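Working notes for the structure below.
The values are calculated or read from the model by the stated rules, or taken from the named source; none is laboratory data. Note that the coordinates shown come from a computational prediction; the quantities given were computed from them, not determined experimentally. Here Cβ is always computed from backbone atoms with ideal geometry, including for glycine, and neighbour counts include all displayed protein chains. Side chains are part of the model used for accessible areas, which takes the heavy atoms of the whole protein and leaves out ligands, DNA and RNA. Shrake-Rupley method; radii C 1.70, N 1.55, O 1.52, S 1.80 Å.
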Amino acid sequence: SGESRPHIVLLPSAGMGHLVPFGRLAVALSSSHGCDVSMATAVPTVSAAESRHLEALFVAYPSVRRLDLQLAPLDESRFPGADPFFLRFEAMRRSLPSLLGPLVAGASASALVTDIALSSVVIPVARDLGLPCHVLFTASAAMLSFCAHFPAYLDANSAGSGGGMGDVDVPGVYRIPKSSIPQALHDPNHLFTQQFVANGRGLVHAAGVLVNTFDGLEPEAVAALRDGAVAAGFPPVFAVGPLRPVTFPTTDEPEGKKKDYYYMEWLDAQPARSVVYVSFGSRKALSRDQMLELAAGLEASGHRFLWVVKGAVVDKDDAEGLADLLGGEEFLDRVKPRALVTKAWVEQEAVLRHAAVGAFVSHCGWNSVTEAARSGVPVLAWPRFGDQRVNAGVVARAGLGKWVEGWSWEGEDGVVTAEEVAEKIKSVMADDDGAKKAARVRNAAEAATAEGGSSYRNLAEFVGRCRG
Ligand code: BUP
């Protein structure tokens with residue numbers, strides 16, 4: 001009936017980049033849009049950050065029900081050298097066809113929202129179960145348009161000139177240069193490529209696609225997806241972002257500190273817009289050489305900074321101390337008067353919203369970009385792998401920040417020197433025009449997510465469809 005309360009089961013995959021927007025969607029649906037919500041997760045998670053995040057979410061929002069997935073073990077020796085998060089996607093993709101039926105029957109679900117990484121296996125099963133299945137695309141609309149078009153590009157390319165990746169012209173959107181295409185996709189046999197292509201082909205069979213962006217941030221991509229320019233017969237697209245962050249007390253403070261927001265207190269003591277916040281996300285450390293150049297560059301910039309340092313692919317393996325990562329205690333001692341360097345998790349959204357923060361040196365994981373957009377902090381984009389270069393392109397187009405395109409992932413063009421880092425940080429911190437543009441993006445994000453705004457209405461429309 002039109003008045004019934006839909007029960008929506010959410011199926012995130014793995015990695016903070018995926019869990020974070022699913023948690024935000026869960027809370028938005030249950031707190032603001034009158035839905036019953038369950039979230040199915042597989043434990044143990046790949047990283048410690050994920051399990052802490054889930055624990056905190058389910059404690060803070062008991063209305064979001066937790067469902068457990070018991071995955072069949074995956075023979076990892078068949079995928080030598082594969083990224084642990086891609087392996088988890090694969091394990092979930094293999095287990096879900098048999099797990100999904102009992103799961104949704106037990107939960108009396110009325111609709112499913114699957115992560116893009118699982119979508120090509122979940123959508124057909126949902127159809128057999130008679131459940132509408134939407135996809136939450138956790139990256140940008142630009143990346144969604146690329147994902148939707150890429151299978152057609154491959155088909156045309158292998159039929160024609162005989163292979164080799166070139167620039168990819170996404171119909172109705174823009175050209176994605178070869179150098180911005182995720183590295184893994186250059187190899188057709190890569191595990192991630194096989195998943196990505198299957199998911200891209202399957203998108204047309206989804207009931208709809210939710211994407212964590214807003215019309216004003218990516219007007220070309222959103223319009224082209226909606227009017228069928230990217231792929232004929234593409235399902236309805238709901239731009240519902242930037243999804244509102246969910247806040248809960250952090251549980252990851254360094255040894256000996258009280259469980260409080262010590263970094264927020266530190267920020268409170270800094271002048272307005274004086275601090276450079278530096279984070280390359282929760283995955284994959286910088287090379288040792290790049291880390292040292294970045295440290296020297298931050299020091300040479302003369303600015304205050306808050307730097308979240310990561311040392312491994314998965315945080316559980318990240319045992320090395322801060323001083324070891326940064327080549328000794330001396331650096332930490334020298335910058336102590338004006339810097340906070342930490343390996344611990346910080347509530348990034350709260351940091352970005354703090355008045356002391358004047359710029360964000362970011363790897364451009366999509367969640368980080370949406371958080372910068374919400375807070376209006378200008379980004380100095382330093383993308384490294386995956387979809388990050390496409391996202392950096394969005395940042396530059398939208399006026400949210402600057403992307404020095406020569407800055408690359410290490411190993412390709414070598415390291416970015418301390419001098420360059422210092423110079424770019426100084427110029428971003430001095431750029432009043434850039435700050436104004438970023439503030440305009442923030443205003444547009446606020447308008448989109450406020451009641452009655454485009455993203456709010458799109459989410460309400462999606463919920464209306466789940467009522468059936
Ligand atoms: Br690190 C770190 N605190 O200390 P992205 C990250 N985050 O809140 P990624 C913190 O994790 P993938 C920290 O705000 C964002 O919501 C951050 O997601 C939060 O990049 C999330 O930005 C990280 O999409 O994920 O981690 O590289 O590669 O899976 O997209």
Sole exception among (1) without any contact (Cβ under 8 Å) to a residue 40 or more places away in the chain; (2) open to solvent by 20 Å² or more (accessible area, probe 1.4 Å) for L67, by number: (1)
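Out of the range 328-353, which residues are outside any helix (DSSP H, G or I) and within 30 Å of A438 (Cα to Cα)?
Here is the first cut: in the range 328-353, the residues outside any helix (DSSP H, G or I) are 328, 339-347.
Those that are outside any helix (DSSP H, G or I) and within 30 Å of A438 (Cα to Cα): A339, L340, V341, T342, K343, A344, W345, V346, E347.
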Can you give me the number of residues within the range 280-307 that are in a strand (DSSP E or B) and open to solvent by 10 Å² or more (accessible area, probe 1.4 Å)? 1
Which of the following residues is surrounded by fewer than 24 Cβ atoms within 10 Å (Cβ to Cβ) and within 13 Å of the ligand (Cβ to nearest atom): G23, G17? G17
H354: passes all of (1) more than 10 Å from the ligand (Cβ to nearest atom); (2) more than 18 Å from A422 (Cα to Cα); (3) open to solvent by less than 10 Å² (accessible area, probe 1.4 Å) but (3)
Please indicate, with yes or no, whether at least one residue in the range 73-82 is part of a loop (DSSP other than H, G, I, E, B), away from the ligand (no atom under 15 Å from the Cβ), among the aromatic types (F, W, Y) and over 27 Å from A312 (Cβ atoms). no
Any hit, the range 59-69, residues being assigned to a helix (DSSP H, G or I), within 24 Å of N458 (Cβ to Cβ), of a type outside the set (D, E) and within 16 Å of the ligand (Cβ to nearest atom): no
Pairs, please: C-beta under 9 Å, at least 6 apart or cross-chain, first residue closer than 16 Å to E405 by Cα and loosely packed, with under 14 Cβ neighbours inside 10 Å and in the range 177-188, second modelled with pLDDT under 95 and among the hydroxyl-bearing types (S, T, Y)? S179/S408
Of the residues in the range 399-417 that are modelled with pLDDT of 95 or more and more than 16 Å from the ligand (Cβ to nearest atom), the one that is most open to solvent (accessible area, probe 1.4 Å) is K402
In the range 105-128, residues that are open to solvent by 20 Å² or more (accessible area, probe 1.4 Å), in contact with a Pro (Cβ under 7 Å, 6 or more places away or on another chain) and under 16 Å from F86 (Cα atoms) total 1
S38 meets each of (1) crowded, with 21+ Cβ neighbours inside 10 Å; (2) among the hydroxyl-bearing types (S, T, Y); (3) within 16 Å of the ligand (Cβ to nearest atom) with one exception, condition (3)
Going by what's in this entry, would E320 be described as open to solvent by 30 Å² or more (accessible area, probe 1.4 Å) and under 26 Å from the mean Cα position of the chain (by Cα)? yes
Could you grab me the full set of residues in the range 357-377 that are more than 8 Å from the ligand (Cβ to nearest atom) and in a strand (DSSP E or B)? V357, G358, A359, F360, V361
